[in-house]
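K.L.:
I have a structure here, written as structure tokens, and I will follow up with some questions on it.
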Amino acid sequence: MRFCPECGRMLMPKNNILSCPCGYSEEISDDVAEREYKFKGERKKEMEVIVTDNDNVALPTKKITCYKCGGTKGYWWTVQTRSADEAPTYFIRCAKCGNTWRRSN
């Protein structure tokens with residue numbers, strides 16, 4: 001990895017030329033580009049992304065009574081809305097109408 005001797009920015013090669021916005025440029029050989037800028041090593045496995053819609057929600061469920069529609073199935077999750085030393089806030093969403101509210105403790 002090389003840095004610009006004029007301004008100190010990190011130089012990244014493009015077609016074996018290291019150029020900097022300050023105007024500095026330097027040509028490097030294929031060997032230098034391979035040695036200093038090509039990284040080899042263990043790659044993380046690709047993760048499968050699951051795409052869901054409103055009919056296929058990947059949240060835990062709970063038996064509830066929605067105050068808007070009377071629905072009896074709800075999805076819940078937690079969010080740390082305050083500082084870390086306070087309890088998280090629980091949210092519930094009605095599976096029937098989508099109404100969302102906070103759980104009162």
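K.L.:
Within the range 22-32, identify whether any single residue is farther than 16 Å from ASN99 by Cα and in contact with a Phe, Trp or Tyr (Cβ under 6 Å, 6 or more places away or on another chain), and answer yes or no.
P.N.:
no
K.L.:
Can you find a residue that is at pLDDT below 90, surrounded by 10 or more Cβ atoms within 10 Å (Cβ to Cβ) and not hydroxyl-bearing (Ser, Thr, Tyr) anywhere in the range 35-43?
P.N.:
Yes: one or more hits.
K.L.:
Select from the range 47-105 the residues that are part of a strand (DSSP E or B) and either surrounded by fewer than 14 Cβ atoms within 10 Å (Cβ to Cβ) or of a type in the set (D, E, K, R) (or both) and list them in ascending order.
P.N.:
THR61, LYS62, LYS63, LYS73, TRP77, THR78, VAL79, ARG93, THR100, ARG102
K.L.:
Considering only the range 8-63, state which residues are among the small types (Gly, Ala, Ser) and out of contact with any strand residue (DSSP E or B) (no Cβ under 7 Å at 6 or more places or on another chain). Break it down stepwise before answering.
P.N.:
Here is the first cut: in the range 8-63, the residues among the small types (Gly, Ala, Ser) are 8, 19, 23, 25, 29, 33, 41, 58.
Correct list: GLY8, GLY23, SER29, GLY41, ALA58.
K.L.:
Write out, first by first residue and then by second, each pair whose Cβ atoms fall under 8 Å of each other, whose residues are 6+ apart or on separate chains, and whose first residue, in the range 1-27, is farther than 14 Å from TYR37 by Cβ while the second is among the acidic types (Asp, Glu).
P.N.:
CYS20/GLU6; CYS22/GLU6; GLY23/GLU6; TYR24/GLU6
K.L.:
Within the range 89-104, identify whether any single residue is among the β-branched types (Val, Ile, Thr) and free of Cβ contacts under 8 Å to residues at least 12 places away in the same chain, and answer yes or no. Talk me through it step by step, then tell me what you get.
P.N.:
From the range 89-104, those among the β-branched types (Val, Ile, Thr) are 89, 92, 100; that's our starting set.
Retained after the next criterion (residues that are free of Cβ contacts under 8 Å to residues at least 12 places away in the same chain): 100.
Yes.
The values are calculated or read from the model by the stated rules, or taken from the named source; none is laboratory data. Please read all numbers here as calculations on a predicted model, not as lab measurements. Positions of Cβ are generated from backbone atoms using ideal geometry, with glycine treated the same way; all protein chains shown enter the neighbour counts.
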